[in-house]
Amino acid sequence: MIPLEGCDTRMKGNPENIPESIPDNIRGNMPENFPKNCLPSIPPGMMLNRHIIHQLIGFAIKHRKIMQGFLDETGVFQAQHRLLMEIFRNRSASQSELAKIMGISAASVAVSLKKLEKGGYIQREVDEGDNRYNQIALTEKGQKVVERSREIFELTDRKVLEGFTDEEKRTLSILMDKVHVNLDKMEEEIKNIGARK
């Protein structure tokens with residue numbers, strides 16, 4: 001839904017006065033409380049930018065909700081589930097290495113590992129080369145959760161991109177890479193601002 005942000009009196013009238021540069025899907029998505037005799041005082045380009053950002057955010061929220069609904073059947077909470085998948089992908093990783101890979105604190109990893117161990121999904125094995133070092137390994141129960149989760153991921157991926165040609169997928173991937181690069185630049189700018197304070 002495009003937010004109501006004022007009125008451009010230069011474009012009073014009916015919907016036919018909406019500039020042609022505004023896509024049809026935005027034209028038909030004006031707020032219900034929007035005055036019939038005026039249009040938002042937002043330049044078409046900015047309006048389109050905001051619409052795209054809303055689409056991206058909406059997709060992320062909806063995808064997360066759908067995935068959580070599917071993954072609930074595994075019996076593992078989302079944060080613990082992510083850790084379980086990382087243990088599968090990085091079988092020799094230590095607790096601190098897992099924290100670094102996931103971008104969270106070692107303390108958070110420790111709490112989740114304790115819950116996973118209590119639930120019977122992982123076990124700690126003493127490294128034969130270093131008695132002080134515990135290797136984290138999946139149990140048979142944990143392995144089954146991983147296998148089922150991978151099936152869910154593959155099914156969801158197929159359904160999300162159902163109806164897309166290979167060329168459309170490649171184009172979408174290129175466009176999303178460009179968005180990712182821009183977000184990386186913004187993150188770097190924020191870090192630089194923080195460093196100067």
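The values are calculated or read from the model by the stated rules, or taken from the named source; none is laboratory data. Just so it is clear, the structure is predicted and the values come from calculations on it, not from any experiment. Every residue, glycine among them, receives a Cβ derived from its backbone with ideal geometry; neighbour counts consider all protein chains shown.
Would you be able to say whether some residue in the stretch 116-125 is more than 24 Å from residue 73 (Cα to Cα) and modelled with pLDDT under 95? Among the residues of the stretch 116-125, at least one is more than 24 Å from residue 73 (Cα to Cα) and modelled with pLDDT under 95, which makes the answer yes. Report, by residue number, each residue of the stretch 65-120 that is among the charged types (D, E, K, R) and farther than 19 Å from residue 134 by Cα. Correct list: 65, 72, 73, 82.
Within the stretch 168-197, the set of residues being in a helix (DSSP H, G or I) and farther than 21 Å from residue 56 by Cβ comprises 191, 192, 193, 194, 195, 196. Taken as a whole, the condition of being free of Cβ contacts under 8 Å to residues at least 12 places away in the same chain, under 30 Å from residue 113 (Cα atoms) and not in a loop (DSSP other than H, G, I, E, B) applies to residue 154.
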